[in-house]
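K.L.:
I have a structure here, written as structure tokens, and I will follow up with some questions on it.
Derivation of every value follows stated rules applied to the coordinates shown; laboratory data play no part. The structure displayed is predicted, hence computed values, not measured ones. Every residue, glycine as well, gets a Cβ built from its backbone with ideal geometry; the counts of neighbours run over all protein chains shown.
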Amino acid sequence: MQKTIPDVTGGAELLAKQSAVDHQGSLRRVPIEGVVFRPVRPVPHEDGHVAEVARQDWEEITAPIVQVHTTTTYAGRIRAWGLHQVSTDRLFVVSGLVKIVVFDGRNGSPTQGRINEFTVSEKNPGLLTIAPNLYHGWKNIGVTEAIIINMPDRMYNYESPDALDLPWDSEAARRIVPYSF
């Protein structure tokens, strides 16, 4: 069904809104190969809430958890673009409101050129698994400092880190990653 453009100033510039979920509440996005998002449910109890972060029996946990660390991002700040050649990241937002973006720049990948966006917070928690060789980063779109847990499948090597960066605000990033925060 084609939408008509309203007869208002700027009508030709208006974009039709796209729902992130279908009528059953399932996410519409088509995931990048190697990216998995497992929503978790915060369970209320008389003292607060509990939410599982990761379990060995989850199918998303395909390799052992060998290290756990937290990272923080101040409100409004962007941390992108990172890429690991051999490590898989498993991210969980503990607090704050974060938009995590993944871009598949892998040559020959069946999902090459695809972008996935995930808006995650303590009210919409989930475990996001990001395979090697995928550009990824996030923006804290909330008003408080965000706290993110990472449980990579390989320990950090202090002498030779598996961490490559492409600064989000560089000319190269604008050319390579078709996404703007």
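K.L.:
To the nearest µm²/s, what D does Stokes-Einstein give for the chain at 25 °C and 0.890 mPa s, using the Kirkwood radius over alpha carbon pairs as Rh?
P.N.:
Numbers: Rh = 18.0 Å.
Rounded, D is 136 µm²/s.
K.L.:
Pop out the ³J(HN,Hα) list for region 41-56 in order, Karplus 6.51 cos²θ - 1.76 cosθ + 1.60 with θ = phi - 60°, rounded to Hz; leave Gly and Pro as x.
P.N.:
Listing the rounded values in order: 10, x, 9, x, 9, 5, 9, x, 9, 10, 9, 6, 9, 7, 9, 4 Hz.
K.L.:
By how many nm would the segment from residue 122 to residue 71 grow when fully extended, if each residue of separation counts as 0.36 nm and the alpha-carbon distance is taken off?
P.N.:
Working: separation 51, 0.36 × 51 = 18.36 nm, distance 1.51 nm.
Gain on stretching residue 122 to residue 71: 16.8 nm.
K.L.:
Still on this structure, please answer the following. If I build a Gaussian network model for the chain, linking alpha-carbon pairs within less than 10 angstrom, which residue out of 24, 85, 56 has the largest mean-square fluctuation?
P.N.:
24
K.L.:
Among 138, 168, 58, determine the one that fluctuates most according to a GNM of the chain built with springs between C-alpha atoms less than 10 Å apart.
P.N.:
With Cα springs under 10 Å in the chain, the top fluctuation among 138, 168, 58 is at 58.
K.L.:
Quote the FRET efficiency, to the nearest 0.05, computed for residue 162 versus residue 112 with a Förster distance R0 of 22 Å and r equal to the Cβ-Cβ distance.
P.N.:
Working: r = 22 Å, r/R0 = 0.98.
Plugging the Cβ-Cβ distance into 1/(1 + (r/R0)^6) gives 0.55.
K.L.:
Quick check on the exposure proxy: order 118, 37 from fewest to most C-beta atoms within 10 angstrom.
P.N.:
Working: 118 22, 37 19.
Going from sparsest to densest Cβ surroundings: 37, 118.
K.L.:
Between 16, 131, 163, find the one with the highest GNM mean-square fluctuation for the chain; connect C-alpha pairs within less than 10 Å.
P.N.:
Sorting by GNM fluctuation, first place goes to 16.
K.L.:
Given a cut-off of under 8 Å on Cα pairs at least six residues apart, what relative contact order in percent is computed for the chain? Walk me through the numbers before you get to the answer.
P.N.:
Values: 352 pairs, mean separation 52.1, N = 181.
Computed value for the chain: 29 percent relative contact order.
K.L.:
If neighbour count is taken as other Cβ atoms inside 10 Å, put 179, 74 in order from fewest to most.
P.N.:
Numbers: 179 17, 74 11.
Result, fewest neighbours first: 74, 179.
K.L.:
On to the next question. State the answer as a single residue: which of 53, 30, 75 lies farthest towards the positive end of the charge dipole of the chain, with beta carbon charges of +1 for Lys and Arg and -1 for Asp and Glu, about the Cα centre.
P.N.:
30
K.L.:
Sorting 130, 115, 148, 5 on the 10 Å Cβ count, fewest up front, what's the list? Walk me through the numbers before you get to the answer.
P.N.:
Numbers: 130 26, 115 15, 148 23, 5 12.
Listed from fewest to most nearby Cβ atoms, that is 5, 115, 148, 130.
K.L.:
Hey, another quick one. Which value in Å does the Kirkwood hydrodynamic radius of region 110-174 take, with 1/r averaged over all unlike C-alpha pairs and then inverted? Walk me through the numbers before you get to the answer.
P.N.:
Values: mean 1/r = 0.0677 Å⁻¹.
That comes to 14.8 Å for region 110-174.
K.L.:
Next question. When Lys and Arg each count +1 and Asp and Glu each count -1, what net charge do the other residues less than 12 Å away from residue 142, Cβ to Cβ, add up to? Could the numbers behind the result be given before it?
P.N.:
Values: positive: 77, 99, 123, 139; negative: 122, 145.
Residues close to residue 142 contribute a combined charge of +2.
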